[in-house]
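Structure record follows, encoded as structure tokens.
The values are calculated or read from the model by the stated rules, or taken from the named source; none is laboratory data. All figures in this text were calculated on a predicted structure; none of them were measured in a lab. All Cβ positions, glycine included, derive from the backbone under ideal geometry; neighbour counts span all protein chains shown.
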Amino acid sequence: MGKISPMPLPLFQQIKAELRARILDGSYSVHERLPSEAALTESFGVSRITVRQALSELQKDGLVFKINGKGTFVSKPRASLDVSRLRGFGEAMSSLGYETFSRVLDIRDMADKADIQQQLSLPGKSLVKRIRRLRYLNRAPVSVDVSWFAPGVGDRVAQADLEGRDILSILENDCHLHLGKARLNIEALLCDDELAHLLKTEEGSPALHIERIICDTDGAPVLYENLYYRGDAFRYSLNIERQSDEHDKHESTWSENHDARS
């Protein structure tokens, strides 16, 4: 690391940005101890107070933790996931500076899934396509995504780059669909053996399950998903506004119409 040059950005923020980049690109691995305050002070050519301020900011962001008498260590990634916005996982995480990619576990066509057919408003015995992916954040597995599609849409999605792209982007850009609203159910659960193995955690450890139906702008469902996140991978945020009674009536009507089609 070279000396930080004077810039409009305060010195502690420059140091924070440099250390943050090294944490996110893996130069400092999870639970690795960072150089001491004295070493950082000498390396960056700044005061110890400036280094402490940068480390304090990194700790507030959840990127490092301190152990008295032992030093500062790299935290396990715990990004903030805003579930109130309809965005793909990669889209949301890359905007925060995290590295993401996916591994396709399997792609299957299935006809004996009456509950899935109902969620997608398909006639009974219709084929549905299931795509299972393991999602990675900074090279660590953090979620298992199980996505279901009507066959025509599913075939297009299956041909796309599922390791590097978000499914929502594929639906919009490859399938030319106009996505509108999503409905979510969120619950806590415990990892079974298979889920624990994929997420590299212990069986019985906590996970968050998000069930999601995504509809186009006409209200027709185009994607049904079950997302399983490691319980220690994220903190979840919501932006909630107080709405008028008239808005609540409109939302209730939308829900009733969707339930009637299901």
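Structural remarks
- Scanning region 41-69 for residues that are closer than 19 Å to Y28 by Cβ, modelled with pLDDT of 90 or more and surrounded by fewer than 16 Cβ atoms within 10 Å (Cβ to Cβ) returns E42, R52, S56.
- Members of region 114-131 that are surrounded by fewer than 17 Cβ atoms within 10 Å (Cβ to Cβ) and within 30 Å of L96 (Cα to Cα): none
- Of everything listed in (1) surrounded by fewer than 15 Cβ atoms within 10 Å (Cβ to Cβ); (2) outside any strand (DSSP E or B), the single unmet condition for V157 is (1).
- Number of the condition not met by P123 [criteria: (1) touching a helix residue (DSSP H, G or I) at 6+ places or on another chain (Cβ under 6 Å); (2) assigned to a loop (DSSP other than H, G, I, E, B); (3) farther than 26 Å from A233 by Cβ]: (1)
- Residue match in region 185-193 (condition: modelled with pLDDT of 95 or more, out of contact with any strand residue (DSSP E or B) (no Cβ under 9 Å at 6 or more places or on another chain) and not polar (S, T, N, Q)): yes
- Residue match in region 175-196 (condition: among the β-branched types (V, I, T) and free of Cβ contacts under 8 Å to residues at least 40 places away in the same chain): no
- Within region 63-117, being charged (D, E, K, R) and under 12 Å from the mean Cα position of the chain (by Cα) holds for R78, D82, R85, R87, E91, E99.
- Residues of region 88-97 include at least one that is closer than 25 Å to D166 by Cα, surrounded by 18 or more Cβ atoms within 10 Å (Cβ to Cβ) and without any contact (Cβ under 8 Å) to a residue 24 or more places away in the chain.
- Options G152, G180, G204; residue that is in a helix (DSSP H, G or I), more than 22 Å from F101 (Cα to Cα) and out of contact with any helix residue (DSSP H, G or I) (no Cβ under 6 Å at 6 or more places or on another chain): G152
- Output for region 225-243, where each listed residue is over 11 Å from I210 (Cα atoms) and either part of a strand (DSSP E or B) or at pLDDT 90 or above (or both): R230, F234, R235, Y236, S237
- Selected residue (only one of V146, V142 is out of contact with any helix residue (DSSP H, G or I) (no Cβ under 8 Å at 6 or more places or on another chain), in a strand (DSSP E or B) and of a type in the set (A, V, I, L, M, F, W, C)): V146
- Selection count, region 21-70, where residues are of a type in the set (D, E, K, R) and in contact with a helix residue (DSSP H, G or I) (Cβ under 7 Å, 6 or more places away or on another chain): 5
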